[in-house]
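FYI, it's all coordinate maths here, none of it is from the lab. All of these numbers come straight from a predicted model, not from anything done at the bench. Note that we place each Cβ from the backbone using ideal geometry, even for glycine, and neighbour counts take in every protein chain shown.
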Amino acid sequence: MAAVGAEAATPSPSPFPAWCVPCLVSLDTLQELCRKEKLTCKLIGITKRNLNNYEVEYLCDYKVVKDMEYYLVKWKVWPDSTNTWEPLQNLKCPLLLQQFSNDKHNYLSQVKKGKAITPKDNNKTLKPAITEYIVKKAKQRIALRKNHKGMIFVENTANLEGPPSDFYYINEYKPAPRISLVNEATFGRSCTDCFFQKCCPAEAGVLLAYNKNQQIKIPPGTPIYECNSRCQCEPDCPNRIVQKGTQYSLCIFQTSNGHGRGIKALVKIKRMSFVMEYVGEVITSEEAERRRQFYDNKGITYLFDLDYESNEFTVDAARYGNVSHFVNHSCDPNLQVFNVFIDNLNTRLSQRALFSMRTIHAGEELTFDYQMKGSGDISSDSIDHSPVKKRVRRVWKCGAVNCRNYLN
């Protein structure tokens, strides 16, 4: 078992065959496979010292025996039949312990009756209804959790609803059949200091989009041209921001205002900072019109035109998308859409990036204006050119002082 590393700094031959590709299995799964087979692998962090360590997936139950607290542990990748009771002192999972306590408290707050434990046990065991709820919440969190570079969390304190049944998480555009996306640049720059030298933006006739603090400094409507895979600059180049992915911790949560799921910041986000990309399935505008009628009847809106220069393609994030799928509309948004070009320089297929318009505090919901043009013009003239295609007027009260009361 081996992992493919970065290119060597010297021209010595690679120890891996030329056809070798990176493993697509997650690090956690590889580690558990090693432990099952009693194998060590320093490349993925499995040594003789930690080979017999097991990871707690979630906690199922609680009891007190002879004044000692025990938790019933579900071990990761092991079946329920292998669950074991472990003393509190052996558990090194403070987050899971806190989640267990919070779930128990939430259950009692909802039912507002009875005690968490049976009287005859003198407050030393939990009622089956409570443990059933706690396990369901734990399984819900696992089902909702997705791997993402920017640490995406999920919470739902409103109900036991799981993730969307027909939604697939992706991190980049997914082309529909017969649509070709060229994701390899045909040329690059040889700059060594892209902040001061004539680089990719200058070649395209625009300004460098970012300042030294990695904040966007160009006005809405100006395209962003980042350094691409053929450029000679280092990965920490100041003109490589969107391509690094989401850097802030975000949370998918169930809103309390009837807007379904939403996204909130878990940390403070600086103003004019890159937050996330809007990705989905790339379809033709003709196909978008067909789907629009179906979506109108269901009252949903996920179609986003890629209309930087022409109205030929549309992104549909209804079934395929990333965390941006859950961002709600606001007439007073804190996110702004920009067109981005990196490896694909086709002006009909720009990437869409969402940047913070102001400082966003931890716990604040992230929103953007569904009627906002790619240029950033949110005047009344932009409404007829809304990137979100829809005809049926859908009532949406976002709560802003300037709320238009409708999504279109």
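Listing for the model above:
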quantity: Ranked by how many other beta carbons lie within 10 Å on average, peptides 100-111, 330-341 from highest; calculated: 330-341, 100-111
quantity: Anisotropy class of the stretch 168-385 from Cα gyration tensor, a/c 1.5 cut; calculated: oblate
quantity: Restraint check, 76/264; 36/92; 244/270, Cα-Cα greater than 19 Å; calculated: 76/264; 36/92
quantity: Those trypsin sites (Lys or Arg not before Pro) in the stretch 66-103 that DSSP places in a loop and that have at most 13 other beta carbons within 10 Å; calculated: 66, 92
quantity: 21 Å tail of the calculated P(r), the stretch 244-348, as % of Cα pairs; calculated: 42
quantity: Label-to-label distance, nm, for residues given as residue 179 and residue 109 (7 Å Cα→Cβ offset); calculated: 4.2
quantity: FRET efficiency, 1/(1 + (r/R0)^6) with R0 25 Å, evaluated for residue 193 and residue 249 via beta carbons; calculated: 0.20
quantity: Global form of the stretch 250-307, assessed from the alpha-carbon gyration tensor, a/c cut-off 1.5; calculated: oblate
quantity: Two-site FRET efficiency, residue 311 against residue 256, from Cβ-Cβ distance with R₀ of 35 Å, rounded to 0.05; calculated: 0.40
quantity: Segments 198-209, 159-170 sorted - mean Cβ within 10 Å per residue, highest first; calculated: 198-209, 159-170
quantity: Förster radius 60 Å - calculated FRET efficiency between residue 157 and residue 41 (Cβ-Cβ, nearest 0.05); calculated: 0.95
quantity: Where labels lie 7 Å past Cα in the beta-carbon direction, separation of residue 215 and residue 361 in nm; calculated: 1.8
quantity: Set of the stretch 323-359 residues, backbone N closer than 18 Å to the point 7 Å along the Cα-Cβ line of residue 270; calculated: 335-336, 354-359
quantity: Gap separating the Cα centres of the stretch 52-92 and the stretch 232-286, nearest whole Å; calculated: 36
quantity: Under-5 Å amide H pairs with residue 85, H placed in peptide plane, nonlocal only; calculated: 73
